[in-house]
Amino acid sequence: MSRLIFILAIVAVIYVLLRRYRKNSLDQANTPPVEPQTMLRCKQCGVHVPSSEAVLANGENFCCAAHRDAYRA
Ligand SMILES: [Zn+2]
């Protein structure tokens, strides 16, 4: 009897793993391709930086916090 429960447990684990695997592959298929990042120009030094790394202050873009502070000063 315990042997049957053991087999059922293994089947249940495989079932859960398969469902998870399918969900993951579906999620990957539905994920849109990564869009190219917008490049923003540093107001202080003119270097272009990706929008995710740019420092925004008062509607102006900067490459780093130091240049933001330098522009303010
Ligand atoms: Zn800069």
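What follows is calculated from the coordinates using simple rules that are stated; it is not laboratory data. Everything numeric here is computed off the predicted structure, so don't read it as measured data. So basically every Cβ, Gly included, is an ideal-geometry build from the backbone, and we count neighbours across all protein chains shown.
Worth a mention:
- Between the amide H of ASN61 and those of LYS43, distances stay under 5 Å, these residues lying 5 or more places away or on another chain, with hydrogens modeled in the peptide plane.
- Order by protection proxy (mean Cβ within 10 Å, highest first), peptides 5-16, 26-37: 5-16, 26-37
- Gained length - ALA66 relative to GLU53, 0.36 nm times residue gap less alpha-carbon distance: 3.4 nm
- Dividing the summed helix terms, -39500 (n - 2.57) for each DSSP H run of n ≥ 4, by the number of residues in the chain produces a 222 nm estimate of -17000 deg cm²/dmol to the nearest 500.
- Cα long-axis angle, helix 2-30 against the chain (0 to 90 degrees, to the nearest 10): 30
- Charge dipole (debye, nearest 20) of the chain; +1 at Cβ of Lys and Arg, -1 at Cβ of Asp and Glu: 400
- Under the criterion of Cα pairs below 8 Å and six or more residues apart, the relative contact order for the chain equals 19 percent.
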